[in-house]
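A short worksheet on the structure shown next.
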There are 2 protein chains.
Amino acid sequence: MAKVCIGVDFGGTFIKFGLLDEAMNPGGMFQLPTPTGQGACAIVGQIVAGIRQLIDQQGLARENIVGIGIGSPGPLSPSRGVIIHMPNVSGMENLPMCELVSKELGIPARLENDANAAALGEFLCGAGGSTHNMILVTLGTGLGGGIICQGKIVHGSHEIAGELGHMIVQPGGRKCGCGQRGCIEQYCSATGITTHAVGQIRAGRASSLSALLEQNGTITARDINQASQARDELAVEIWDELTYFLALGCVNFSRIFDPDKIVFAGGMTKAGDDLLRPVRENYDRLNWQMADDKTEIAIASLGNDAGMIGAAGVAWNSLG
Amino acid sequence: MAKVCIGVDFGGTFIKFGLLDEAMNPGGMFQLPTPTGQGACAIVGQIVAGIRQLIDQQGLARENIVGIGIGSPGPLSPSRGVIIHMPNVSGMENLPMCELVSKELGIPARLENDANAAALGEFLCGAGGSTHNMILVTLGTGLGGGIICQGKIVHGSHEIAGELGHMIVQPGGRKCGCGQRGCIEQYCSATGITTHAVGQIRAGRASSLSALLEQNGTITARDINQASQARDELAVEIWDELTYFLALGCVNFSRIFDPDKIVFAGGMTKAGDDLLRPVRENYDRLNWQMADDKTEIAIASLGNDAGMIGAAGVAWNSLG
């Protein structure tokens, strides 16, 4: 039987489980609910239970399981296998996740932050196929990312590399929750653009979005996308700004890293060509003319499975 | 006898030669003039002659020479050992430098661009000592750089990574020779700041620098530094902008790469604390408050030897 690594993607609502074999084929995927509000032990217990269920379902022999990779929200330490802190979950401070899971199951385990795991997943099995250097930019509530350099995740010296959302693209620009000003997250994430839209409407700016805000109490990134398609002036302005700064960020990634591909993932990629086309146009316009720049911009292909697959990939990279 | 690699730093005026032993101790350094205006053969001949001279002087046996590393201005291909193009030197188009040198001497050779070689030199023997991840920013005529990730030079997918001078820090900002707008090189290199100063004076801006411009026909970065110390308004504005954008660039490098150290090299570092102090102050002010950021900003320590040492380091990394 082929050797496999087990991937676990620990999220706020679900924990996903699956396999990745030596040829990088994923399989056996299922998910269990995340036991929220019951503390750290319940979470570790659910992760262990899910792995046991996967082993049973797939009829895996211990000697064929190379290791377990666990993707998790941060902050965490991949090198120590420890979750440093988790907002909203008690008892997770300095939790030695790898040690606990590994002791329970007798299988070595590795920990990785979820954005990095997703980047490795897309690199191994998704949109990054056949690249050597790839950057994943997740466009969701926030803007996150992961950097793959010669097939390996870039962690940095304090394990906080790849905080792509906090690259400053507008000097003295909008205040970010991190304490900086002008972070790309403020211009290109769902929270960034909806907060800005609400602020503009509350300041008296006319827009078709104000009726939605009144009706729903909130505005979504999808609302802004749709209103911009209907030529609402504020929505067009915000969507143009989003695609402009995202393209500018990609130019910077190309100058610094020179990847084969920059891949967008996350909820905002549902906008599809409404997002990709103007980003590519802005990229070509903003980009240098010094060398034939071949960096491709694409949308991720694994959807919600990227994190689980990448987590298993982390185990392969480290233990395989 | 200890094994060594030979380093060659091929510059516009001099070619430098030296050794790097297994313990990363440099030695035997000397330089020969670059035979400019005599074509590619004369340059290759001078490199070979210098290496033979080094071997004789040091009494090196062939079996103790692991390899030769050659640092050179770009564009070039490290993986193919080929100089793609060299402005002002005829016959250098697609020159297979490594093959030519290697055939002549019977020693394997490797090629690296000079900024990357200098970065590796500082990493191995200079200001980067005991780091794992380091970024070198050269502040000279232009703004260049090199990225060391886990001890290796980051080359990227098309061998054009580390073009740090063309990171955009001011959207829609000053036009750069590369075709982009707002590149950090326009705000933080000697050419960038002196060009801006001359433009401001020609446009009628009052400054003590205008007398220097009239007298010398030009203004240097050193002139601007000195005038800013004397509180000349224009010079202060330009120096403040330089240290602001350099700090902003460093914040971005920290978010993306999370290095132990960012090291400044090149002619402008002669300003010493006039440069380093305000950059560090701006960095602390612009930097996030999300995590205890430990990236250190320092000035390079090897001076003009960094390129030769790093070139030998390239040979060690690849052939050792």
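Bear in mind these aren't lab numbers, they're just calculated from the coordinates by the rules spelled out. The model shown is predicted, which means the values in this text are computed figures rather than measured ones. Because the Cβ atoms are built from the backbone with ideal geometry, glycine has one as well, and the counts that use them run over all protein chains shown.
Observations on the structure shown:
- Inter-copy label distances at B:MET290 (7 Å, Cα→Cβ; nm, one decimal): 2.8
- For A:VAL82, the residues whose modelled amide H falls within less than 5 Å of its own, excluding neighbours fewer than 5 places apart on the same chain, are A:SER77.
- Converting phi to 3J(HN,Hα) with the Karplus coefficients 6.51, -1.76 and 1.60 and the offset θ = phi - 60°, segment A:311-316 yields 4, 5, x, 4, 5, 4 Hz in sequence order, with x at every glycine or proline.
- Cα-based convex hull volume of segment A:96-211 per residue, rounded to whole Å³: 182 Å³
- Within a straight-line Cα-Cα reach of under 13 Å, A:LYS3 can be paired with the following aspartates and glutamates, leaving aside sequence neighbours fewer than 8 residues apart in one chain: A:ASP21, A:GLU22, A:GLU63.
- Using a Förster distance of 56 Å, the FRET efficiency for B:ILE84-A:LYS103 (Cβ separation, nearest 0.05): 0.55
- Taken residue by residue and averaged, Cβ atoms of other chains lying within 10 Å of the Cβ of B:132-140 number 1.
- Against chain A, whose longest principal axis comes from its Cα atoms, helix A:233-257 is set at around 50 degrees.
- From phi via Karplus (6.51, -1.76, 1.60), per-residue ³J(HN,Hα) for segment B:164-176 in Hz, x at Gly/Pro: 5, x, 10, 6, 7, 10, 9, x, x, x, 4, 5, 10
- Cα-derived Rg to Rh of segment B:1-160, Kirkwood definition: 0.95
- When the alpha carbon coordinates of segment B:116-179 are projected onto the principal axes, the ranges are 39, 26, 17 Å, largest first.
- Distance histogram in 5 Å bins (all Cα pairs of segment A:236-286, percent per bin): 5, 20, 31, 28, 12, 4, 0
- Note on segment A:222-320: Cα-only Rg and Dmax are 16.2, 54 Å.
- Across the identical copies, the label point of B:GLU214 (7 Å from Cα in the Cβ direction) is separated from its matches by 6.6 nm, in order from shortest.
- Close amide H partners of B:GLY67, meaning residues 5 or more places away or on another chain with modelled amide H under 5 Å apart, are B:ILE6.
- Crossing angle, helix B:39-58 versus chain B [Cα axis fit, 0-90 degrees, rounded to tens]: 70 degrees
- Radius ratio Rg over Rh of segment A:49-94, counting only Cα atoms, Kirkwood formula for Rh: 1.11
- Crossing angle, helix A:273-286 versus chain A [Cα axis fit, 0-90 degrees, rounded to tens]: 70 degrees
- Per-residue shielding of A:162-174, expressed as the average number of other chain Cβ atoms within 10 Å of the residue Cβ, stands at 5.
- Across the identical copies, how the A:LEU319 labels are spaced - nm, sorted shortest first, 7 Å along Cα→Cβ: 4.0
- Each residue, A:GLN53 and A:GLN215, gets one label point 7 Å from its Cα in the Cβ direction; the gap between the two is 3.9 nm.
- Computed over Cα pairs, the Kirkwood radius of chain B leads via Stokes-Einstein (1.567 mPa s, 4 °C) to a diffusion coefficient of 63 µm² per second.
- Residue pairs exceeding 22 angstrom between C-alpha atoms, taken from B:LYS16/B:LYS103; A:LYS175/A:LYS294; A:LYS294/B:LYS261: A:LYS175/A:LYS294; A:LYS294/B:LYS261.
- By the count of other C-beta atoms within 10 Å, a proxy for reagent exposure, B:HIS166, A:HIS155 are ordered fewest to most as A:HIS155, B:HIS166.
- Taking a quarter of the surface of the Cα convex hull of the protein assembly as shown gives a mean projected area of 32.4 nm².
- Residue-by-residue Karplus 3J(HN,Hα) for segment A:135-144, coefficients 6.51, -1.76, 1.60, Hz, glycine and proline x: 10, 9, 10, 8, 10, x, 3, x, 10, x
- Cα-based radius of gyration of segment A:130-301 once divided by 2.2 N^0.38 Å, which approximates compact folds: 1.05
- Sorted into 10 angstrom bins from 0, the C-alpha pair distances of segment B:1-40 split as 29, 41, 22, 8 percent.
- Distant-in-sequence amide contacts of B:ILE15, defined by a placed amide H-H separation under 5 Å and a gap of 5 or more residues or a different chain, comprise B:LEU32, B:THR34.
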